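Scroll down for the structure; my scribbles are underneath it.
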Amino acid sequence: MQAAVIAAMAAAHVQAGTLRVEPGDGAQERLQAALIEAKPGDIVDIGAGRFDLTDGLSLDVNGVTVKGAGPAATILSFKGQKAAGEGLLVTSDDVVLRDFAVEDSRGDGIKSKGADRIVYRNVRVEWTGGPKEANGSYGLYPVESTDVLIDGAVVKGASDAGIYVGQSKNIIVRNSTAMYNVAGIEIENSYSADVHSNLAMHNTGGILVFDLPNLPQQGGHAIRVFSNRVEQNDTPNFAPKGNIVASVPTGTGVMVMANRDVHVFSNIIGENGTTNVMVVAYQSAFTDKNYDPSARNIVVRDNQHGRAGWAPAFPGGAALAAALGGLFPSVMWDGVGGAAANVQLKDPVMTVSLNLPAQGTPITQAQPAAYVAPATAPAKDLPTIVMTAAMEAATK
Amino acid sequence: MRRALALGLAWCGLVSASPSPQVDDALILSDAMPTRLQDFGLLVDGKTPAPGVIPYHLNTPLFSDYAVKFRFMHLPKGKKAKATGDGLLDFPVGTALIKSFGYPADMRAPGQDMRILETRLLLHRASGWVALPYVWNADGTEATLKRAGQRMDVSWTHSDGQVRSISYAVPNANQCKGCHVSGAAITPIGPKVRNLDDGHQLQALAKAGLLTGKAQAVRPMPVWDRPDSGSVALRARAYLDANCSHCHNRAGPADTSGLWLDWDQPADTNLGIGKRPTAAGRGSVGLEFAIKPGDPAASYLVARMASTEPGIAMPELGRSVTHAEAVALISQWIREMK
């Protein structure tokens, strides 16, 4: 029976534990069959070439490696996709995705949900027509997972976030490139993340750390953003209205919203027309009693700043900049929570608090003034995020 | 009407069929995934059950591109399903749930020229439920296992007299699980006490010795398109429960959206009222709220139901055309919402 199924899917076992799939006729069924028939420990080895796919692919077997011949060689194209919310969906644990590309998926690029210890290594997700509102939402989209490692990924053109990690715990995003997305890299409603050594360029906003209400996991905290290059984020916001990233002003470097214990340090941040670093509360009305909308215990230090603030792209921005002498500040905090919020902004650049008295106060009521450091002890460093040895080995 | 017809057809088929197949209970219980549906002996043909296989219906079913569905259950000899509360029936190991999907040539004559496309099995084995999709050949004489799914071109004359053509998608095994999942385990979705209770179906099952427990729901679901069965609000909630809540619930595949549409969800933010998109991306189609009371045109719940574009359309699977009648119902519900 098993032999019949394998014959039917025409994915020959070239060696024990490897299911090889080549491009050509019936690619959809052959590739999907391999992803279904793979056993824990197997490698689904996708050959070089272009796979024209009509439906989303999915993997639900633990411990499988899906491997291509490189992100320029193995191309899964979803240009002709007729259904499904993403290109590839992973719902199993201990999966490694590496060395292939997903192009032009109608929804998200690669989503992994409840997929613990997942590794994304050297994968590319791209909408090839450049930034457009009709592009899919997220490039890489791990959600509700523990231990997420994204290493050496490239994402271009997402109409929401290029690399988005949501409602997860213990996360590393490193050595990756996000360009021409609305948000380059976004960590949302998540606990314990290191975002480092990435390039976030030509997005609307470079790196975002957000928390939203009414969700199963909220109260985002313990996030480090360091050693990244966050430059020239200048793509006009093309997110569909209504989404939280539609509120990100074009030309934002790093934006921290409604999280606690977020440390932004040792980055190179510059040439961002609105501001290099923005620390704010969630602005919309909400009903969730368990939600804390303010940003607190935030540290911004030791970043190398380039130019910022010459084109603040939000309503009232130009007037604020004029009031501040022509340029919007390089580092900006909305002031919500006051000194008790313990927001420590230590970079030697123009740093301003808008002194908004409470969450939800419109920015037109800002009373901008030079930032005053709170009289609190210096924050302790956050711990380094560590993945399992097997996950690190899978990146080699 | 459709239901009565389905039942009638099933029993006619049974009477007229030549040698009746015998259900292979051992095969249902085994680990095998037979290539041929016929090996199970559950059906005479795509819409006709073998002896010991019982047709059933739901008050409000899942919409699948206007496909007509034939539902059957088979319980192992001497075993009963158990009703506890309004939720899923607790089926014994050895149960087979069977659902065939088909299109009549003309929806205005649904009893004639039925082409059955596929039959999906949910088998309750000792290790848990297993989902197996079988696709019928063009003659309707044989159905074979298609774990990787398949697309099929289908045309029919719709109830408005217009010819409709779609690319019908048989789901692959992972997509089966994409809906039929609770936590990490495969589970049935349809046969919930609240959706089976039409005033006599559960009692009939009990009388036949196939059901224990309370053969009555505390809060039965109405028939979504029969105004005499419940208010607009109740019928809208029934439709959302049957069509959305298998993913959109606190433990389902769409739990992370924070949009929960099951029958028991209170009418709050998590039902979508005043709820902003979480990770909808372009699925929000530029609208700020899932449900904006009084304003269906400003509610992206409606827009996503109306869309047929992948990445926007909801549900993500099993729907390539708009269910216009349901969009009208949900719109009316939101319009009347204070």
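Check whether at least one residue in the range B:142-149 is crowded, with 23+ Cβ neighbours inside 10 Å and among the hydrophobic types (A, V, I, L, M, F, W, C), and report yes or no. Yes, that holds for at least one residue. Residues that are more than 18 Å from A:Thr252 (Cβ to Cβ) and polar (S, T, N, Q) within the range A:178-192 comprise A:Asn189, A:Ser190, A:Ser192, listed in sequence order. Inclusion of A:Ile36 among residues that are more than 14 Å from chain B (Cβ to nearest Cβ), among the β-branched types (Val, Ile, Thr), within 26 Å of A:Met391 (Cα to Cα) and in contact with a strand residue (DSSP E or B) (Cβ under 9 Å, 6 or more places away or on another chain) is not warranted. Restricting the range B:314-333 to residues that are β-branched (Val, Ile, Thr) and in contact (Cβ under 8 Å) with a residue 60 or more places away in the chain leaves a set whose member that is least open to solvent (accessible area, probe 1.4 Å) is B:Ile330. Are any of the residues in the range B:259-268 farther than 29 Å from A:Val245 by Cα and open to solvent by 50 Å² or more (accessible area, probe 1.4 Å)? Scanning the range B:259-268, I find at least one residue that is farther than 29 Å from A:Val245 by Cα and open to solvent by 50 Å² or more (accessible area, probe 1.4 Å), so the answer is yes. Tallying residues that are surrounded by 18 or more Cβ atoms within 10 Å (Cβ to Cβ) and either touching a His at 6+ places or on another chain (Cβ under 9 Å) or at pLDDT below 95 (or both) within the range B:89-106 yields 6. Only a single item in (1) within 11 Å of another protein chain (Cβ to nearest Cβ); (2) out of contact with any Gly (no Cβ under 6 Å at 6 or more places or on another chain); (3) closer than 21 Å to A:Ile171 by Cα is not met by A:Glu188, and it is number (2). Annotation: of all residues in the range B:153-188 being under 17 Å from the mean Cα position of the chain (by Cα) and hydrophobic (A, V, I, L, M, F, W, C), the one that is farthest from the other protein chains (Cβ to nearest Cβ) is B:Cys179. Do we have any residue at all in the range A:108-116 that's open to solvent by less than 10 Å² (accessible area, probe 1.4 Å) and more than 21 Å from A:Gly49 (Cα to Cα)? For the range A:108-116, residues open to solvent by less than 10 Å² (accessible area, probe 1.4 Å) and more than 21 Å from A:Gly49 (Cα to Cα): present. Against the conditions (1) open to solvent by less than 20 Å² (accessible area, probe 1.4 Å); (2) outside any loop (DSSP other than H, G, I, E, B); (3) charged (D, E, K, R), B:Lys275 satisfies every one except (2).
Taken over the range B:211-232, residues that are open to solvent by less than 40 Å² (accessible area, probe 1.4 Å) and part of a loop (DSSP other than H, G, I, E, B) amount to 7.
Table: residues versus (1) under 30 Å from B:Val218 (Cβ atoms); (2) small (Gly, Ala, Ser).
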| position | (1), (2) |
| --- | --- |
| B:Thr84 | yes, no |
| B:Leu89 | yes, no |
| B:Lys99 | yes, no |
| B:Asp106 | no, no |
| B:Ala109 | no, yes |
| B:Gln112 | no, no |
| B:Trp136 | no, no |
| B:Ala143 | no, yes |
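Scan the range A:182-206 for residues that are over 17 Å from A:Thr275 (Cβ atoms) and over 10 Å from the mean Cα position of the chain (by Cα) and jot them down. Correct list: A:Asn189, A:Ser190, A:Tyr191, A:Ser192, A:Ala193, A:Asp194, A:His196, A:Ser197, A:Asn198, A:Leu199. Of the strands (runs of 3 or more DSSP E) entirely within the range A:46-95, those holding at least 2 residues that are hydroxyl-bearing (Ser, Thr, Tyr) occupy A:74-77. Residue count for the range A:143-158, restricted to those that are at negative phi and more than 11 Å from chain B (Cβ to nearest Cβ): 9. Of the set (1) within 14 Å of chain A (Cβ to nearest Cβ); (2) in a strand (DSSP E or B), all apply to B:Arg147 but (2).
The values are calculated or read from the model by the stated rules, or taken from the named source; none is laboratory data. Just so it is clear, the structure is predicted and the values come from calculations on it, not from any experiment. Ideal geometry is used to build each Cβ from the backbone, glycine not excepted, and the neighbour counts take in all protein chains shown. Just so you know, the surface numbers come from the protein's heavy atoms only, side chains and all, with ligands and any DNA or RNA stripped out. Shrake-Rupley method; radii C 1.70, N 1.55, O 1.52, S 1.80 Å.
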